[in-house]
Amino acid sequence: MGNLFGRKRRSRVTEQDKAVLQLKQQRDKLKQYQKRISLQLERERAFARQLLKDGKKEKAKFLLKKKRYQEQLLDKTENQISNLERMVQDIEFTQIEMKVIEGLKIGNECLNKMHQVMSIEEVERIMDETQEAVEYQRQIDEMLAGSFTVEDEDAILAELDAITQEQIDLPEVPSEPLPEKIPGSVVSVPLNLLAL
């Protein structure tokens, strides 16, 4: 049902992920092998003691040689586990490095595209136009500031004083005390006040 429209689903699992998984599985198998060999070594050592008690020195010696060989295998297994873990770490770190390099590559391409759009000449032209516009606006401001006469300035100041000195007529505050609320009574508010 997932292939409803004939498109193949693209797996998000990469070859590196598969390799890391296989390495970790192999490491786990080696650790299981180590445990099995360690238990077997303990049993063989106990069995060798029993053989010595029973007077079977040659069989005990043969068993200890076998034990010694398995201990060497155990050491080799430990080295292999270390190598596998190091390889897993190297692969994971290399994946991180690849992502960083890909990010740098994308960033570099983006910068190059931006530089193509904004050439030095284009930036200089825009800066010149901006400077011209600022200069033009300054000239307009000077013209407007200089267009008022002394009489205009006096009229503006007089109007400002008149506005600040006007008093707004407010209704008088009642001097009678407000009635106290009666418990259990409902205060009715006219509807026209609620609309405010």
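The values are calculated or read from the model by the stated rules, or taken from the named source; none is laboratory data. Computed from a predicted structure; not experimentally measured. Reconstructed Cβ throughout: ideal geometry from the backbone, glycine too, with neighbour counts over all protein chains shown. Areas reflect the complete protein model, heavy atoms only, side chains present, ligands, DNA and RNA absent. Shrake-Rupley method; radii C 1.70, N 1.55, O 1.52, S 1.80 Å.
Between I156, I126, the distinction of being within 38 Å of the chain's Cα centre (by Cα) and of a type in the set (A, V, I, L, M, F, W, C) belongs to I126 only. Report yes if some residue within region 22-36 is open to solvent by 100 Å² or more (accessible area, probe 1.4 Å) and more than 46 Å from the chain's Cα centre (by Cα); otherwise report no. Checked region 22-36: no residue is open to solvent by 100 Å² or more (accessible area, probe 1.4 Å) and more than 46 Å from the chain's Cα centre (by Cα).
Taking the conditions (1) open to solvent by less than 70 Å² (accessible area, probe 1.4 Å); (2) under 30 Å from K24 (Cβ atoms); (3) of a type outside the set (S, T, Y); (4) out of contact with any helix residue (DSSP H, G or I) (no Cβ under 9 Å at 6 or more places or on another chain) in turn, A133 satisfies each one other than (2).
Of the listed requirements (1) of a type in the set (S, T, Y); (2) surrounded by 10 or more Cβ atoms within 10 Å (Cβ to Cβ); (3) over 30 Å from Q26 (Cα atoms), T149 misses just one: (2).
A count restricted to region 78-111 and to residues that are in contact (Cβ under 8 Å) with a residue 40 or more places away in the chain and open to solvent by 90 Å² or more (accessible area, probe 1.4 Å) stands at 2.
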